[in-house]
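Participant: Below is a structure I'd like to ask you about.
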Amino acid sequence: MSKSDAMPLWHGTTILTVRKGGKVVIAGDGQVSLGQTVIKHNAKKVRPLGRGQVIAGFAGATADAFTLFERLEAKLEQYPDQLTRACVDLAKDWRTDRYLRRLEAMMLVADKSVSLVLTGTGDVLEPPAGVMGIGSGGNYALSAAKALIDMDLTAEEIARKSMAIAADICVYTNDQVVVESLDSE
């Protein structure tokens, strides 16, 4: 029996960022699943960082995500008001540090001027058009947000509608959405 056969996997989430009309939002659902069972329906996977000047959301293993939140917070203290530099430095550590390499998570982060996706493979990517989704329902939410971006809706309205669509499609996504927002440039 392989390790993956012995223990069910913690499954997915949906995290979405939308930048529009002087606002940037990150929205995340609250579902935590183990195998085919919903363990928790109101987890908070989106939070402010860096003295409230950065917002972040994670998809992946919870303990791994908290480790990454703590590491990013430390990088933001080291490089105040330099989100991209802090994220690049974190991504370098994530890729090269033996302990961090084993972390299974992705993050969306944003400040007033930039939105970024961070991965364990060392990627720090700026999403096109300020819209990006990660997690099991990320592509559903991303597709919905791209369809809604040109409508007369705010960034938060787009995020909430897109998350509702993802929750209707993805079994690992629910409608218990947490949204954090910042004013953008």
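The values are calculated or read from the model by the stated rules, or taken from the named source; none is laboratory data. All figures in this text were calculated on a predicted structure; none of them were measured in a lab. Using ideal geometry, Cβ is built from the backbone for each residue, glycine included, and neighbour counts are taken over all protein chains shown. Each accessible area value is taken on the protein alone, full model and side chains, heavy atoms only, with ligands, DNA and RNA left out. Shrake-Rupley method; radii C 1.70, N 1.55, O 1.52, S 1.80 Å.
Participant: So the check is Cβ under 9 Å with 6+ separation or different chains; which pairs have a first residue in the stretch 36-55 that's in a strand (DSSP E or B) and a second one that's of a type in the set (S, T, N, Q)?
Facilitator: VAL38/GLN31; VAL38/ASN174; ILE39/GLN31; ILE39/SER33; LYS40/GLN31; LYS40/SER33; ILE55/THR17; ILE55/SER181
Participant: Quick one: how many residues across the stretch 1-43 are exposed (fewer than 12 other Cβ atoms within 10 Å of the Cβ), at pLDDT 85 or above and closer than 17 Å to GLY135 by Cβ?
Facilitator: Number of matching residues: 1.
Participant: Look through SER162, SER143 and report the one residue that is part of a helix (DSSP H, G or I), small (Gly, Ala, Ser) and crowded, with 22+ Cβ neighbours inside 10 Å.
Facilitator: On inspection, the qualifying residue turns out to be SER162.
A quick yes/no check of all residues on (1) under 12 Å from the mean Cα position of the chain (by Cα); (2) farther than 14 Å from CYS87 by Cα:
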site: LEU34; (1), (2): no, yes
site: ASN42; (1), (2): no, yes
site: ARG47; (1), (2): yes, yes
site: ALA56; (1), (2): yes, no
site: ALA59; (1), (2): yes, yes
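Participant: Please go through the stretch 70-84 and pick out each residue that is open to solvent by less than 60 Å² (accessible area, probe 1.4 Å) and without any contact (Cβ under 8 Å) to a residue 24 or more places away in the chain.
Facilitator: ALA74, LYS75, TYR79
Participant: While we're on this one: Find the residue count for the stretch 166-185, including only residues that are more than 17 Å from the chain's Cα centre (by Cα) and open to solvent by 70 Å² or more (accessible area, probe 1.4 Å).
Facilitator: Summing the residues that are more than 17 Å from the chain's Cα centre (by Cα) and open to solvent by 70 Å² or more (accessible area, probe 1.4 Å) in the stretch 166-185 gives 5.
Participant: Another question, if that's okay. Being in a strand (DSSP E or B), at pLDDT below 90 and surrounded by 13 or more Cβ atoms within 10 Å (Cβ to Cβ) is true for just one of ALA59, ALA91. Which residue is that?
Facilitator: ALA59
Participant: Give the residues of the stretch 112-125 that are touching a strand residue (DSSP E or B) at 6+ places or on another chain (Cβ under 7 Å), modelled with pLDDT of 95 or more and not in a strand (DSSP E or B), sorted by residue number.
Facilitator: LYS112
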